[in-house]
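Enquirer: Below is one structure. I have some questions about it.
Just so it is clear, none of the values below were taken in a lab; they were calculated from the coordinates. All values reported here derive from a predicted model rather than from experimental measurement. Note that we place each Cβ from the backbone using ideal geometry, even for glycine, and neighbour counts take in every protein chain shown.
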Amino acid sequence: MNSTQVEPATTLAGLRAAKPERVTIVLLSGEMDKAMAAFIIATGAAAMGMQVTMFFTFWGLNVIRKPGATSAARDVLRKMFGWLNKGGAARLPISRFNFGGLGAAMMTKVMRDNRMPGVPELIDTAQDLGVTLIACTTTLGLLGLSKDTLIDGVDQLAGVSTYLAEAKDGSVNLFI
């Protein structure tokens, strides 16, 4: 090869082989349909043998909060956030047509009638498949929450640098 020739670009297959089979998912929504999508993707990827990390931040923390867990915040605004977002995977609203909870109840009934798992069951399946669950420390502090307000099985509390380190090495990165 002479000095004016350029080496061939790396092939797509070569790029795929270089990246580990890892999936990272940021869940910032606390809505049932979005949480379901995130967990369906996570469990599907884990079932395919991929390493999966889910990072929960902002309203996405409600998905992994214990039902009825309250904020330990002392100021009024953060206490209001805690009161308005009691948390729990079984209490999530849907993103459209929630109608004060009626839409979520109807969706839950349709899912049950069609033998489709709900968010709590998808969380259990994800944990059984080894999906890593990470809660955002910044948002926990912002909302006045602590580790004891989260469900059992949350693997770690971490900040954005932990997510970025996971995402940097991943082959699929999703933001839901």
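Enquirer: For the chain, set up a GNM with springs between Cα atoms under 10 Å and report which of N98, N114, N62 has the largest fluctuation.
Expert: N114
Enquirer: A further question on this structure: Which of V52, V63, V76 ends up with the largest GNM mean-square fluctuation for the chain, with Cα atoms connected below 10 Å?
Expert: So, out of V52, V63, V76, the one fluctuating most is V76.
Enquirer: Taking the Cα centre of the chain as the origin and placing charges on Cβ (Lys, Arg +1; Asp, Glu -1), which of L164, I151, F175 is farthest toward the positive end of the dipole?
Expert: It is I151.
Enquirer: OK, next. Gain in length, R96 to A165, computed as 0.36 nm per residue apart minus the alpha-carbon separation, to one decimal in nm?
Expert: 21.5 nm
Enquirer: Count of lysine pairs in the chain with Cα atoms under 28 Å apart, counting only pairs 8 or more residues apart in sequence or on different chains?
Expert: For the chain, the number of qualifying lysine pairs is 16.
Enquirer: To continue, here is another question. Which peptide among 54-60, 106-112 comes first, and what is the full order, when sorted by highest mean count of other Cβ atoms within 10 Å?
Expert: 54-60, 106-112
Enquirer: Hey, in the GNM for the chain with a 10 angstrom Cα cutoff, which one of L143, L129, L102 fluctuates hardest?
Expert: L102
Enquirer: Given a cut-off of 15 Å, what percent of all Cα-Cα pairs of region 33-88 lie beyond it?
Expert: Counting every Cα pair in region 33-88, those more than 15 Å apart make up 57 percent.
Enquirer: If you take the C-alpha gyration tensor of region 129-176, multiply each eigenvalue by 5 and take the square root, what semi-axes do you get, largest first, in whole Å?
Expert: Semi-axes from the Cα gyration tensor: 21, 14, 8 Å.
Enquirer: Another question, if that's okay. Please report the orientation-averaged projected area of the chain, defined via the convex hull of its C-alpha atoms, in nm².
Expert: For the chain, averaging the hull's shadow over all directions gives 13.6 nm².
Enquirer: With +1 assigned to the C-beta of every Lys and Arg and -1 to the C-beta of every Asp and Glu, and no other charges, what is the dipole magnitude of the chain about the Cα centre in debye, to the nearest 20?
Expert: With Lys and Arg at +1 and Asp and Glu at -1, about 560 debye.
Enquirer: How much length is gained if the chain between K66 and I40 is pulled fully straight, taking 0.36 nm per residue apart and subtracting their Cα-Cα distance, in nm to one decimal?
Expert: 7.3 nm
Enquirer: By per-residue mean of other Cβ atoms within 10 Å, what is the highest-first order of 117-126, 22-31?
Expert: Order by mean packing, descending: 22-31, 117-126.
Enquirer: Neighbouring Cβ atoms within 10 Å as the yardstick, rank K66, K147 fewest first.
Expert: Result, fewest neighbours first: K147, K66.
Enquirer: Which one, F58, V119, L129, is farthest towards the positive end of the dipole of region 45-148 when Lys and Arg carry +1 and Asp and Glu -1 on their Cβ?
Expert: F58
Enquirer: Which value at 222 nm does the chain reach when only helices count, each DSSP H run of 4 or more adding -39,500 (n - 2.57), with the total divided by all residues and rounded to the nearest 500 deg cm²/dmol?
Expert: Helix-only estimate at 222 nm: -12000 deg cm²/dmol.
Enquirer: In addition: Can you list the DSSP H helices in the chain whose Cα atoms extend at least 18 Å along the helix axis and whose mean Kyte-Doolittle hydropathy is -1.0 or higher?
Expert: 32-47
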